[in-house]
Amino acid sequence: MAKLESRSEEKSDGLQALSVGDPYSTRAWAEGQLLKLGAAGRIAAEASGFYALLGLCAFWVGNFVAVDEYFDLTVKLVGRGPWSDDVASRLSLQSSLSGAVASLRGESEHAETLFASALDVAGGRVVDQSRAIAFAMRAAFAGEGRPDRALADVSQARTIAGDLGQPELATVASIGEGWARSEIGQYDEAIKVLRQVSDARPDTLEGTVARLRLSEVLLRTGNRKDARKEVDLAREIFLALNARYWAARAVLLTGAIDRDRGGRWLKHARELALPDRAYQRLFLPEGVLRIELSASPAVRRDGERIDFLTRHAEATLRLLAAAGDDGVSSEDLVGMFWPTMSKVRQQASLRTVLWQARNSLGADAWRLQRRGDVVVFDVSGVELVGTIKQSTIAEEFSPRRRS
């Protein structure tokens, strides 16, 4: 077990960085400070810093209901304002935490509203700290499917943090950068960024979340061995600290890698789950993925058709599913769809199409993997109907048919 030191004495308002060290020691310290304030002090605006720190601890251990409660309490406590910079920045932090939770729950519109509120602050240095954190949190936890915005948020977080001389404020943004780069096919860069964060901050929960993301990217590239190594490290830290949400994600990822014992890992993940929408989403979809290859080509989950962003994305998935474990070479794919493009544009188009396919697959996105120069779709547990030849799909996208 990795032992995380308590840093609460240094970071009593939760705004110096998004690290809380040992979340349970830090929580105990913050609760002790609130007790010292007395009944009247605990409902004064000045107590908002301790509630922000408690919300931060609750977020990292996956107690999302508590994050909601601390945010609601603080909103009632501070009223409509105007607020001092300290109070405004703490409220901004809690808005960011709640925005991240809303995103994990799939409540995208609510998440956008909360992050907009977190960023809609003005003031001095401490407010700038909270803005850097808001950009970092949005990049890390609300950037999936929006890689361009996530990368812009990362840049904003780093710029503000650099101007403040506090680069650690943007550490969590690197989690968002790593995932965003993986979404656009920049796997080497994604792995490098996530490995740097996880290796540099192995004694923090945010560093361990980066390691979990690293293992997810490694699995996307087909590197199951290294993915298993990284997720094993992350899982044991999460379990030791009872960080239930992240532990459940790590356990499910372990099951995706260790398919022979996937049922056992799934059972373990369900035991960790709390009654919260964010946890429930980890287990979706539960139905069978069905790919109809020929007569009426379609990809369905529980009978519901999955809509793809482009015809190319759906055709690529059908082709890869038909190819099975052998996969299809990148050269064959680009030659089929974009034979007249330059090699640079071909590879860029392929990265985009693979991202589009993963985006539509959602929880099954891990199945689409790159193994060197070969792209593979893992069909274990997938229902395949009919057959199709590569030449048939090539004919669908031939210049003659497009004209």
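The values are calculated or read from the model by the stated rules, or taken from the named source; none is laboratory data. These figures come from a predicted structure and were not determined experimentally. Cβ placement follows ideal geometry from the backbone for every residue including glycine, while neighbour counts extend to all protein chains displayed.
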Worksheet item: Where residues in segment 61-83 are of a type in the set (Gly, Ala, Ser) and modelled with pLDDT of 90 or more, which of them is farthest from Val209 (Cα to Cα)?
Response: Ala66
Practice prompt. Within segment 100-113, identify whether any single residue is touching a Ser or Thr at 6+ places or on another chain (Cβ under 7 Å), crowded, with 19+ Cβ neighbours inside 10 Å and closer than 30 Å to Trp355 by Cα, and answer yes or no.
Written response: yes
Worksheet item: Ala111: among the small types (Gly, Ala, Ser) and either within 25 Å of Arg224 (Cα to Cα) or assigned to a helix (DSSP H, G or I) (or both), yes or no?
Response: yes
Discussion item. Regarding segment 123-131, can at least one residue be identified that is farther than 20 Å from Leu91 by Cα and in contact (Cβ under 8 Å) with a residue 12 or more places away in the chain?
Written reply: no
Item to complete: Determine which single condition Phe337 fails, assuming it passes every other condition in (1) among the aromatic types (Phe, Trp, Tyr); (2) in the same structural domain as Leu233 (by TED's automatic domain parsing); (3) more than 22 Å from the chain's Cα centre (by Cα).
Response: (2)
Item to complete: Return the only residue of Arg138, Arg149, Arg201 being touching a Gly at 6+ places or on another chain (Cβ under 8 Å) and without any contact (Cβ under 8 Å) to a residue 12 or more places away in the chain.
Response: Arg149
Practice prompt. Those residues that are touching a strand residue (DSSP E or B) at 6+ places or on another chain (Cβ under 9 Å) and not in a helix (DSSP H, G or I), I need them from segment 308-321; list them, please.
Written response: Phe308
Fill in: Close pairs from segment 69-87: first in the same structural domain as Gly41 (by TED's automatic domain parsing) and among the hydrophobic types (A, V, I, L, M, F, W, C), partner part of a loop (DSSP other than H, G, I, E, B) and at pLDDT 85 or above, Cβ under 7 Å, at least 6 apart
Leu77/Ile43
Worksheet item: Any residue at all in segment 297-313 that is of a type in the set (Asp, Glu) and buried (at least 18 other Cβ atoms within 10 Å of the Cβ)?
Response: no
Practice prompt. Go through segment 33-69 residue by residue and tally those that are charged (D, E, K, R) and under 28 Å from the mean Cα position of the chain (by Cα).
Written response: 2
Item to complete: Mind telling me which of the residues Arg244, Arg220, Arg259 ends up being modelled with pLDDT under 90 and either within 19 Å of Ala100 (Cβ to Cβ) or touching a Leu at 6+ places or on another chain (Cβ under 9 Å) (or both)?
Response: Arg220
Worksheet entry | Within segment 217-242, considering residues that are touching a residue at least 40 places away in the same chain (Cβ under 8 Å) and within 16 Å of the chain's Cα centre (by Cα), the one nearest to Val375 (Cα to Cα) | Arg220
Response to the item:
Scanning segment 329-367 residue by residue, the ones that are modelled with pLDDT of 90 or more, among the aliphatic types (A, V, I, L, M) and surrounded by fewer than 19 Cβ atoms within 10 Å (Cβ to Cβ) total 3
Item to complete: May I ask you to say which residue of Val121, Val87, Val67 is assigned to a loop (DSSP other than H, G, I, E, B), under 27 Å from Gln166 (Cβ atoms) and in contact with a Ser or Thr (Cβ under 7 Å, 6 or more places away or on another chain)?
Response: Val121
Item to complete: Filter segment 283-300 for residues that are modelled with pLDDT of 80 or more and among the acidic types (Asp, Glu) and give the result.
Response: Glu292
Worksheet item: What are the residues in segment 41-60 that are hydrophobic (A, V, I, L, M, F, W, C) and in contact with a Leu (Cβ under 7 Å, 6 or more places away or on another chain), if any?
Response: Ile43, Ala45, Ala47, Phe50, Ala52, Leu56, Phe59, Trp60
